[in-house]
Amino acid sequence: MVFHSEKDKAGVSKLMMFKRLIRKFSRTAAIGLAATILMLWDSAPASANCAAFPKIPLWKTLSHDSTRQLVDRKYDGDWKAYIETLERYEGKLRRISARGAAADVTCKGRKIRLKGAAIPSFLKHVDRRISVTRCLADNRADFDDIANFATAAGCTDGQSVAETRLRPPPRPPVSPPRHPPPRPRGPVPPGA
């Protein structure tokens, strides 16, 4: 490149620096945007398509997030086992209702006695709770399929992305010491 003056040379130099700065900013912005999208995608979609749980005094704090946390903590992420528990609970209530007996319902240490028309009314809420839970489980299964797509994160041995981030590397096996066992101390017994 031929420069006619120092002023031209300085102008081109500033232009080159500006272009480099724009490229660097664009890369940083693209990475930041991708990270933001992934964080937003990870936090909300599982409950976006599901109806809300029924609001009744017994289930004050029941929400999509609290249910996810419960399944992760108590059922080790097994949604099927949690849904089966709810269905067994519903079956017991239906049998009690069919007999015409009263049902004691306990939640977080609070005991409530249901009898008469209150049991079928409560069963409607339990049915809705099961359907919302199934929806959450279906959405979570779809999300887990995507999140566990191992090759996208460079995992090659069947591990999920979460496993590679959270687990420390395996330790090598510890071999037993190779030295002989210690000899007994003290006087040697006769005949030994």
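Key figures for this structure:
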item	result
Area of residue 72 that stays accessible when all protein chains are in place (1.4 Å probe, Å², to 10)	80
Gained length - residue 52 relative to residue 76, 0.36 nm times residue gap less alpha-carbon distance	6.3 nm
Of 80/115; 60/124; 55/108; 92/115; 74/115, pairs whose Cα-Cα distance is over 22 Å	80/115; 74/115
Three-way shape call for segment 46-138 based on the alpha-carbon gyration tensor, with the a/c threshold at 1.5	prolate
Fully extended contour minus Cα-Cα distance, from residue 92 to residue 113, at 0.36 nm per residue	6.1 nm
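The values are calculated or read from the model by the stated rules, or taken from the named source; none is laboratory data. This is a predicted model, so every value here is computed, not measured. With ligands, DNA and RNA removed, areas are computed over all heavy atoms of the protein, side chains included. Shrake-Rupley method; radii C 1.70, N 1.55, O 1.52, S 1.80 Å.
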